[in-house]
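Have a look at the structure below, then the notes.
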Amino acid sequence: MMQILKDKVILVTGANRGIGKSLVKESLNKGAKKVYATCRDLSKMPEFEDNRVVTLKLDITNDHEIEQVVKQALDTEVLINNAGVLSAGSILNGKIADIEKDMNVNYYGTLKMMKSFASVLESNSPARIVNITSIVAYSPLPSIAGYSASKAALLSATYSVRIELAKKGVTVHTVNPGAIDTDMNKGSDWDMPSPNSVAKVILDKVENEELDIIPEDIGLEMFKSWKEDPKKLAEIFHNIYHAE
Ligand SMILES: NC(=O)c1ccc[n+]([C@@H]2O[C@H](COP(=O)([O-])OP(=O)(O)OC[C@H]3O[C@@H](n4cnc5c(N)ncnc54)[C@H](OP(=O)(O)O)[C@@H]3O)[C@@H](O)[C@H]2O)c1
């Protein structure tokens, strides 16, 4: 494995808990030069006890905060768009406000981050964008339909940006997990891996130059079905939906 992340300047969104917090710790383990750990409410930021960590306030839906962060993080070489929200609800029974919220954060928020950081990354190239989408970007789970649509939109936009930046020295990765043991899955009785273990796999795969990363077994199983035949993943989600 190449040490692609060693001595790099890495920015992580949603770094206060869940996968984001683990991605900060794992970036430090990988020998990052500096990690910008960003989150909405700095009073909730954990103590990383490492002087390579610089904490910055950032709500990815807030244009002004994004602008401020860009100015303070002009040396960013690896942008990890991890922040996300999940509202439960189907298309027909879910609230429009919830569907809009998932779209605003997961899709428009991440898009704004890519738009705002693209020129910074280009000027610091070789650089990377790592966008955390989800396995439901490939095929929707109707009980989280708005979330699924927001991640499908994000996957599409990420593929566009991959092509846009292909000749600019910026490599664009997608990460499409199935299920990880974080607050987002509170109450689930699935057997899920820890965010620490998943963050390590994600960054190992980035260092292996894998463009589309599935970091855990549930996601891998689902992705395998989808690759064989997209209808097979739709059937898995049909069964999950109708068993609930
Ligand atoms: N867990 C899974 O099984 C799973 C599977 C597939 C994909 N993912 C994706 O992985 C990413 C991380 O999820 P997680 O499981 O770690 O979830 P989590 O524990 O719920 O953490 C979500 C993080 O995103 C932050 N966030 C939410 N809205 C934000 C905003 N507007 N601006 C900035 N930060 C915001 C949260 O900050 P606050 O503390 O301020 O709310 C928190 O730090 C998400 O994109 C999620 O969709 C997760």
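The values are calculated or read from the model by the stated rules, or taken from the named source; none is laboratory data. All values reported here derive from a predicted model rather than from experimental measurement. Heads up, the Cβs are rebuilt from the backbone with ideal geometry, glycines too, and the neighbour counts pull from every protein chain shown. Side chains are part of the model used for accessible areas, which takes the heavy atoms of the whole protein and leaves out ligands, DNA and RNA. Shrake-Rupley method; radii C 1.70, N 1.55, O 1.52, S 1.80 Å.
For the stretch 138-244, which fully contained helices (runs of 4 or more DSSP H) count at least 3 residues that are within 29 Å of S116 (Cβ to Cβ), small (G, A, S) and in contact with a helix residue (DSSP H, G or I) (Cβ under 7 Å, 6 or more places away or on another chain)? It would help to see each step written out before you state the result.
Details: elements: 145-164, 195-207, 217-228, 230-243.
Of the helices (runs of 4 or more DSSP H) lying wholly inside the stretch 138-244, those with at least 3 residues that are within 29 Å of S116 (Cβ to Cβ), small (G, A, S) and in contact with a helix residue (DSSP H, G or I) (Cβ under 7 Å, 6 or more places away or on another chain) span 145-164.
Starting from the stretch 184-196, keep only residues that are among the aromatic types (F, W, Y), then list their pairs with residues that are modelled with pLDDT of 95 or more and in a loop (DSSP other than H, G, I, E, B) whose Cβ atoms are within a distance under 6 Å, requiring at least 6 positions of separation or different chains. Taking only residues 6 or more apart or on different chains, the pairs are W190/A179. Checking S188, S150 one by one, the residue that is closer than 24 Å to L92 by Cβ and either acidic (D, E) or at pLDDT below 95 (or both) is S188 and no other.
Scanning the stretch 100-117 for residues that are farther than 21 Å from T76 by Cβ, more than 12 Å from the chain's Cα centre (by Cα) and open to solvent by 10 Å² or more (accessible area, probe 1.4 Å) turns up E100, K101, M103, N104. Of all residues in the stretch 2-13, those that are without any contact (Cβ under 8 Å) to a residue 60 or more places away in the chain have Cβ atoms under 8 Å from Cβ atoms of residues that are not charged (D, E, K, R), 6 or more apart or on another chain, in K6/G31; K6/A32; D7/G31; D7/A32. Scan the stretch 124-133 for residues that are open to solvent by less than 10 Å² (accessible area, probe 1.4 Å) and outside any strand (DSSP E or B) and report the count. So the count comes out to 1. Restricted to the stretch 33-47, and to residues there that are more than 13 Å from the ligand (Cβ to nearest atom), of a type outside the set (D, E) and open to solvent by 30 Å² or more (accessible area, probe 1.4 Å), the residue that is farthest from the chain's Cα centre (by Cα) is K33.
Going by the conditions given, is A166 over 25 Å from V9 (Cβ atoms) and of a type in the set (A, V, I, L, M, F, W, C)? So A166 does not fit the description; no. Screening the candidates T171, T158, T182 for the property of being within 11 Å of the ligand (Cβ to nearest atom), modelled with pLDDT of 95 or more and either open to solvent by less than 80 Å² (accessible area, probe 1.4 Å) or more than 21 Å from the chain's Cα centre (by Cα) (or both) yields one hit, T182. Applying the condition of being touching a Ser or Thr at 6+ places or on another chain (Cβ under 6 Å) and more than 30 Å from I4 (Cα to Cα) to the stretch 129-142 and asking which residue is farthest from the ligand (Cβ to nearest atom) yields P142.
Among the residues making up the stretch 146-155, those that are in contact (Cβ under 8 Å) with a residue 24 or more places away in the chain and either of a type in the set (V, I, T) or buried (at least 23 other Cβ atoms within 10 Å of the Cβ) (or both) are G146, Y147, S150, K151, L154.
Candidates K57, K71, K25, K30: the one that is open to solvent by 40 Å² or more (accessible area, probe 1.4 Å), in contact (Cβ under 8 Å) with a residue 60 or more places away in the chain and either among the basic types (K, R) or in contact with an Asp or Glu (Cβ under 7 Å, 6 or more places away or on another chain) (or both) is K25.
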